[in-house]
1. Order these peptides, 143-152, 30-39, by their mean beta-carbon neighbour count within 10 angstrom, highest first.
2. Given a Förster distance of 30 Å, report the FRET efficiency between residue 60 and residue 156 from their Cβ-Cβ distance, rounded to the nearest 0.05.
3. For the chain, find the longest principal axis of its Cα atoms and tell me its angle to the long axis of helix 274-286, 0 to 90°, nearest 10.
4. What is the range 2-235 by shape, rounded, prolate or oblate, if you read a ≥ b ≥ c off the alpha carbon gyration tensor as root eigenvalues and call it rounded for a/c under 1.5, prolate for a/b larger than b/c, and oblate otherwise?
5. Highest first, please rank the peptides 268-281, 106-119, 176-189 by the mean number of other Cβ atoms sitting within 10 Å of their residues.
6. Separation between the residue 176 and residue 95 pseudo-spin-labels, each 7 Å from Cα along Cα→Cβ, expressed in nm?
7. At 7 Å along the Cα-to-beta-carbon direction for both residue 267 and residue 282, put a label point, then send me their distance in nm to one decimal.
8. Label residue 275 and residue 167 with points 7 Å out from Cα along Cα→Cβ: what is the distance between them in nm?
């Protein structure tokens, strides 16, 4: 199962559709979530056909802004639960009959709309009984390392986003490649980059899918990069089994309080040997 999420800045643009059509075969997604489509839902019949997708639910844009769409290919069992101008919520049935919840989300920078969007996620959370993942443009960052250039984000907004994820019991799925997903495409000192697009997932989903991984793609027609979630993205090859073999520490984790808490809890175990603590660290951080 592969899910592509992309702020396409107008899917009516032929060049944008061409980029979706020309995704390399190994990276062809099972599900595509698009936001900022900027077209009426009636226009998605053609888009769906061009992208070779069987199913589609589209939410109308508001004038020349907004608009969402969830598309899925033939053979993928998708059940839409609810939707709004901020989100499309769905249940996905996998090959082994495992049911997961995927919510495509488009966050807001405007203060009043921002609270509406967070409250909408809280309502979805109240009905979640499955492993849950959210993908999209949250229009927010979790810490200063997720922004380069320009003015710093207000601490209040960073804490608001972090507290919301904690309340919803969601963990950040850090990309295996790259970091920033949006740029203002300016030169020199005026260049600003931010990590606005991401996937987050519930702990029980990460436990059920230990090889879950996210990636950043390169999309030239938008100021946002596409992001991909692959449930088998970090699965070892047959000749090398076990996630310990493939474990690699990512230096960007050092800024995360969660990492510090994990390390403290493991390395304070007096009953464990050094090697046992190393194994525990790999087991806990590997997924």
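Read-outs throughout are calculated quantities, based only on the coordinates presented, and are distinct from any laboratory measurement. Worth saying up front: this structure is predicted, and the values here are computed from it rather than measured. We place every Cβ from the backbone using ideal geometry, glycine too, and count neighbours over all the protein chains shown.
1. On the way: 143-152: 13.9, 30-39: 24.1.
Result, highest mean first: 30-39, 143-152.
2. On the way: r = 32 Å, r/R0 = 1.08.
Step by step, r from the Cβ atoms, then E = 0.40.
3. So the helix axis and the longest Cα principal axis differ by about 10 degrees.
4. On the way: a/c = 1.33, a/b = 1.10, b/c = 1.21.
In terms of gyration-tensor shape, rounded.
5. Working: 268-281: 11.2, 106-119: 15.1, 176-189: 12.9.
Result, highest mean first: 106-119, 176-189, 268-281.
6. Those two pseudo-labels are separated by 1.7 nm.
7. 1.8 nm
8. With each label point 7 Å from Cα toward Cβ, the separation is 4.7 nm.
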